[in-house]
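Asker: Take a look at this one; I'll ask things after.
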Amino acid sequence: MYIKAFNGEHPADFVTGNKWIADVDDLFLCHHVNGDHWVALRIELHKGKIHFAYIRHKKITQNENPGDCGVYS
């Protein structure tokens, strides 16, 4: 599955054919940590760097429903 994702062939609903590094510079992900917190990730493929944000920006409202926090990351 990882090779298919790397080559832009997975997941089936979002096939692009874009290959990581050759066609894609950055990946943006939401990562669920310890089952109770979401963090935003930016992976710079060419530089081999991972940036993450785990603190809520002051202008973004506090989420009151923990089941919906993924949209806030």
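Residue-wise test of (1) surrounded by 12 or more Cβ atoms within 10 Å (Cβ to Cβ); (2) of a type in the set (Lys, Arg); (3) under 19 Å from residue 1 (Cβ atoms).
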residue	(1), (2), (3)
16	no, no, yes
19	yes, yes, yes
22	no, no, no
26	yes, no, no
33	no, no, no
40	yes, no, no
48	no, no, no
60	no, no, no
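Asker: Moving on to the next point. Of everything in segment 1-46, what is of a type in the set (Lys, Arg) and in a loop (DSSP other than H, G, I, E, B)? Give them in sequence order.
Answerer: 19
Asker: Restricting attention to segment 16-73, and to residues there that are among the small types (Gly, Ala, Ser) and modelled with pLDDT under 95, which single residue is nearest to the chain's Cα centre (by Cα)?
Answerer: 40
The values are calculated or read from the model by the stated rules, or taken from the named source; none is laboratory data. Predicted, not measured: the structure shown is a model, and the values here were computed from it. Virtual Cβ from ideal backbone geometry, glycine too; neighbours counted across all protein chains shown.
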